[in-house]
Structure formats: C-alpha cells, structure tokens
Amino acid sequence: MSKEIIINSNPQETRVAVVEDDLLTEIYIEREKQRGIVGNIYKGRVTKVLPGMQSAFVNIGLDRDAFLYVADVIDSIEKAETRLDDDEEDPDGGIENGGVGEDLKHIPDHSQPRTQSIDELLREGQEILVQVAKEPIAGKGARITTHITLPGRYLVFMPTVEHVGVSRRIENESERNRLRELTSALKGPAEGFIVRTAGEGKDEEDFSRDVKFLKKIWDEIHRKAESRSAPTVIHRDLGLIQRTLRDIFSADFSVVWVDTENAYEECVEFMDRIQPELVNRIRLYSKDYPIFEEYGIQLEIEKSLRSKVWLKSGGYIVINQTEALVAIDVNTGKYVGKKRLEDTVVRTNLEAVKAIVRQVRLRDLGGIIILDFIDMEEKENQAKVLEALENELKSDRSRTKLLQISDFGLVEITRKRVKQSLERLLCQPCPYCMGSGRIKSETTICYDIQRELLKSRTAIEGKHLIVRANPAVARVFREDEYRLVQDLEEILGSTITVKSDDNLHHEQFDVAAV
C-alpha cells in the first residue's frame with residue numbers, strides 16, 4: 001500500500017491529509033482561532049463536587065467548566081496502561097492521558113482500595129493540575145484527567161507513576177522484554193514510561209533522546225504550575241503539523257508534501273530532532289496550483305460533507321449524524337446484480353464495508369455507530385461481511401469495538417470520540433431549515449473563496465477583484481478575516497473589494513476581475 005501525507009498550511013488554517021493508494025482516508029484540520037485543547041495541561045480550580053454523580057466540575061479558564069470523573073482521579077495503573085495502549089496512535093493529541101499529577105498530594109497511592117468517593121478526594125476551591133482528554137463537544141465541557149501523560153516519538157512519559165509498559169500492539173515477546181529492560185534502565189525513581197508502537201526495534205540512543213526531550217518538558221510544566229494561580233494554561237500540546245509527524249509519519253509513508261516554506265522548515269527541523277533518517281522524505285511543493293486541488297483532496301472533502309456516498313457498483317450508503325448516534329444505511333441503488341438476489345446483496349454489503357470504514361475515518365465519526373446492512377438470509381454471508389468489516393477496521397487508528405449482526409441486519413460499532421467530527425468542524429446549523437440540517441460556516445466559505453482565488457491566480461493577478469457574497473459571509477470576510485484579504489492582495493498583486501449580496505445563498509459567492 002502506498003501512503004503519503006499532504007500538508008496545506010497558511011496563517012489561518014492548517015490541513016493534513018493522509019492518502020492511501022491514491023484515496024483520501026483521513027483529514028485533520030486545525031484553525032488558529034479554534035485550536036484544539038486535547039493534551040493541554042491546566043492548573044484548574046474545582047468549582048463543584050457532585051457525590052451523586054461521582055464527578056466534579058473544574059474551571060480551567062474556558063467558557064464551560066471541565067468535567068472530571070472520579071475514575072480519572074483514582075484510576076489504577078493497569079487501566080491507565082490499557083487506555084494508553086488502545087489509544088497510543090491517536091493523531092490528534094497522540095494519547096489519551098494517564099498518570100497522576102505530582103501536585104495532587106491528596107490522591108491515594110495505587111496500593112490503596114479504590115473505594116473513595118469524589119468528595120473525599122476533591123473540595124470546592126481546590127487547585128489541581130489536569131490534562132484535557134476530550135474536546136468540548138456538543139455543548140458539553142471538556143473531559144479532563146489528573147493522570148498527566150506526555151507523548152514522545154517512541155515513549156509516553158508518566159511523570160509521577162513508577163511503571164514500565166509496552167504497547168500491546170508490539171506482539172513479539174522477546175522484543176517486549178528487550179524494550180522493558182531498555183526503558184527500565186533509563187527511567188528514574190517514581191516515574192514511568194509506556195513504549196509506543198513506533199518504539200519497536202529502536203535502540204538506547206533513540207529512547208535516550210526521547211527521555212531527555214520529555215523530562216525537559218515536564219520540568220518546565222512543574223516549574224510553571226508552582227508559580228501560577230488557577231485557572232491558567234500551563235502547557236499546550238504540539239501543533240497539528242508536529243503531532244502528525246510524531247504520531248502518524250513513519251517509514252511506511254513514502255513522502256510528506258508541504259506547500260509552504262515555513263511549514264517545510266518546521267517539518268525538517270522537527271524530524272531532524274526526533275527521527276533524522278526520515279528527513280529526506282519531506283518535500284516542498286512548489287507549484288502555483290493549490291496542493292489540495294492538485295491531489296483531488298478538496299473535492300473529496302466536499303463529498304465528505306454530503307450524506308449520500310455512491311459505490312462503484314451503483315449502490316450507495318447514507319450517513320446521518322445525530323446527537324445520540326451515527327446511522328449508516330446501505331442500499332443497492334442502481335445495482336441489480338446478475339443472478340440471485342442474495343449474491344447481489346452480499347456484493348453490495350462487501351463493497352459498502354470498505355466505503356463505510358473509509359468514511360468513518362475520513363469524517364472522524366465517533367460514539368455509537370449503527371450500520372444497517374441489506375438483509376442477508378444465509379448466516380455464512382453474514383459472517384463474511386462481519387469478517388470483512390473487522391479486517392477493514394484494523395486500519396483505523398482510533399479504538400473501535402464491533403458487535404455481531406443482529407436479527408434485523410444491524411451492526412453496532414463504538415468508536416472512541418476525542419474531538420468533533422469533520423461535519424461539526426466545517427459546518428454550522430442551517431438557518432434556512434431551522435437547524436434541522438447543516439451548512440458551511442462563514443469562516444469555511446471565506447477559506448473557499450481564498451482557495452478559488454488562488455486556483456485562478458494566473459488569470460486574475462494584478463487585476464481589481466470584486467467578491468460578492470451573502471451578507472453574513474461578506475461581514476466575516478471584511479472584519480474577522482480582514483488579514484486573509486490583505487494576504488490575498490499581497491499574493492495576487494491585486495486589490496479586493498468585498499460586497500454584500502442579499503440575493504446570494506449563504507454558501508454562494510461570485511468573483512469578478514475588472
């Protein structure tokens with residue numbers, strides 16, 4: 001399988017695409033004004049303790065108080081290691097957090113029974129060091145934990161937990177033992193490490209470099225935490241580009257294409273520090289034509305915002321997101337088969353399996369996912385489809401759990417949700433249908449206009465440009481994104497006038513060169 005990473009970067013937005021066999025399988029987007037907070041470490045203040053829910057709310061300086069469950073305060077080492085092993089290749093923030101914050105003197109050690117109530121561990125007004133495990137989603141505050149973890153390239157550092165573990169994705173027992181011995185020799189007292197999957201086959205020099213890097217970060221965090229009052233951010237996780245290189249990029253990838261010199265230099269500098277042998281696979285894209293257009297990625301993103309996905313055979317799947325779950329329906333559509341109905345159904349379901357898993361990864365769908373396959377009469381065909389689904393899910397970096405096909409042909413998947421889906425990120429509730437559907441946000445349309453202008457660069461350079469857009473979009477383009485207009489004028493050598501047009505639909509815009 002050929003694998004590439006494509007990076008599109010500008011001051012407003014960074015987008016990273018993972019392409020496998022010329023198909024877009026994953027897309028990650030980070031906007032400077034909406035940068036994610038998973039992995040960030042805060043010094044927070046407990047605002048409310050709820051014994052009835054065995055949880056607490058903590059003010060960490062965000063719009064909504066963060067949510068801290070009792071298990072994220074007194075969790076056992078074994079469970080922490082399991083969670084790390086399951087999630088250690090999560091590309092947005094690397095790993096779900098584990099470990100125990102050193103400042104939390106009230107938390108019992110792991111030799112004590114885990115029977116304490118949340119009100120025995122926390123009190124209102126108390127200052128605690130926490131790490132964000134899940135982004136605020138759908139009106140809910142961020143999920144936090146006191147188990148601080150710092151992911152590196154090969155190791156996960158748990159600053160206050162004396163433990164050594166190895167990712168269970170490394171299956172060779174002799175290699176696991178070698179890695180444990182190597183890591184044990186490098187760790188100090190009262191601290192722990194988990195060897196990540198990328199650490200397989202690495203030597204002492206690789207690990208020593210990681211240990212030095214991670215301990216330096218922790219020393220800075222500890223120093224800041226002692227000198228600052230809550231609520232305040234103590235440490236921000238790496239940006240999207242660096243997280244991608246740390247958590248996704250490996251020898252399996254043939255190339256990383258980057259479309260700006262600044263981002264290219266950032267990639268080279270970072271990889272030179274963590275894995276210098278892969279630096280020569282980072283390439284600077286120098287064409288004028290936008291990189292996501294060149295690779296057909298922009299079109300695939302647009303398709304991923306639609307509910308219907310066509311299959312090559314003529315069948316299709318329909319994806320509907322709700323607050324409670326995601327429902328995916330499989331239909332034969334235009335495909336009528338050649339012989340038996342059962343054969344037609346099985347072929348459609350098997351083709352749909354690949355499309356479903358790709359769309360789940362691409363759209364970053366999480367929580368409960370219900371798949372409604374076309375009914376199959378024969379049990380062996382049901383088993384064949386389920387096995388194909390299980391094999392496809394192995395390519396997914398997020399943790400998933402798959403249940404058997406029910407009597408109604410339904411399959412339930414649970415998939416770890418850490419951040420918003422692609423639709424929630426790029427779209428907003430539609431004012432035209434009273435919130436029952438979704439449309440692109442004003443900011444997304446502004447960036448669409450930017451990409452359209454850059455795509456037509458050769459034809460419009462040096463000319464005066466008039467951009468007409470829906471009033472809501474025009475206001476954002478003129479005010480909140482005025483720097484974007486300035487950047488475009490500089491790049492194109494043009495002057496740009498933005499005008500409101502009440503006759504244009506929210507997502508429509510028009511560009512005229514005079």
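The values are calculated or read from the model by the stated rules, or taken from the named source; none is laboratory data. Fair warning: this is a prediction, and the values are worked out from it, not measured in the lab. Every residue, glycine among them, receives a Cβ derived from its backbone with ideal geometry; neighbour counts consider all protein chains shown. Ligands, DNA and RNA are excluded from the accessible area calculation, which covers all protein heavy atoms including side chains. Shrake-Rupley method; radii C 1.70, N 1.55, O 1.52, S 1.80 Å.
Among the strands (runs of 3 or more DSSP E) confined to segment 426-514, the ones with at least 1 residues that are within 24 Å of residue 300 (Cβ to Cβ) and open to solvent by 40 Å² or more (accessible area, probe 1.4 Å) are located at 427-429, 438-440, 509-513. Remark: pairs (first residue in segment 452-463, closer than 15 Å to residue 512 by Cβ; second residue open to solvent by 70 Å² or more (accessible area, probe 1.4 Å); Cβ separation under 7 Å; 6+ apart in sequence or on different chains) = 463/514. Applying the condition of being open to solvent by 20 Å² or more (accessible area, probe 1.4 Å) and out of contact with any Phe, Trp or Tyr (no Cβ under 9 Å at 6 or more places or on another chain) to segment 10-27 and asking which residue is farthest from residue 486 (Cα to Cα) yields 21. Considering only segment 387-419, how many residues are surrounded by 15 or more Cβ atoms within 10 Å (Cβ to Cβ) and part of a helix (DSSP H, G or I)? Number satisfying all stated conditions: 4. In this structure, residue 202 qualifies as surrounded by 13 or more Cβ atoms within 10 Å (Cβ to Cβ), more than 19 Å from the chain's Cα centre (by Cα), over 26 Å from residue 61 (Cβ atoms) and of a type in the set (Lys, Arg). One residue alone among 332, 348 is of a type in the set (S, T, N, Q), out of contact with any helix residue (DSSP H, G or I) (no Cβ under 7 Å at 6 or more places or on another chain) and more than 30 Å from residue 5 (Cβ to Cβ), and that residue is 348.
Of all residues in segment 304-337, none satisfies the criterion of being more than 21 Å from residue 435 (Cβ to Cβ), of a type in the set (Asp, Glu) and assigned to a loop (DSSP other than H, G, I, E, B).
With a requirement of 3 or more residues that are of a type in the set (A, V, I, L, M), on the phi < 0 side of the Ramachandran plot and in contact (Cβ under 8 Å) with a residue 60 or more places away in the chain, the strands (runs of 3 or more DSSP E) lying completely within segment 1-74 that satisfy it span 3-9, 13-20, 23-31, 41-50.
Listed by first and then second residue, the pairs linking a residue in segment 427-443 that is closer than 19 Å to residue 509 by Cα to a residue that is among the acidic types (Asp, Glu) and open to solvent by less than 50 Å² (accessible area, probe 1.4 Å), with Cβ atoms under 9 Å apart and 6 or more places separating them unless they lie on different chains, are 428/442; 438/423; 440/448; 442/481; 443/13; 443/481. Restricting the first member to segment 390-410 and to residues that are over 25 Å from residue 26 (Cα atoms) and polar (S, T, N, Q), and the second to residues that are outside any loop (DSSP other than H, G, I, E, B) and open to solvent by 60 Å² or more (accessible area, probe 1.4 Å), the beta-carbon pairs closer than 9 Å and six or more apart or on different chains are 404/412; 406/412. With respect to the conditions (1) outside any helix (DSSP H, G or I); (2) open to solvent by less than 40 Å² (accessible area, probe 1.4 Å), residue 301 falls short on a single one, namely (1). Among the numbered conditions (1) surrounded by 20 or more Cβ atoms within 10 Å (Cβ to Cβ); (2) part of a loop (DSSP other than H, G, I, E, B); (3) of a type outside the set (Gly, Ala, Ser), the only one that residue 348 does not meet is (2).
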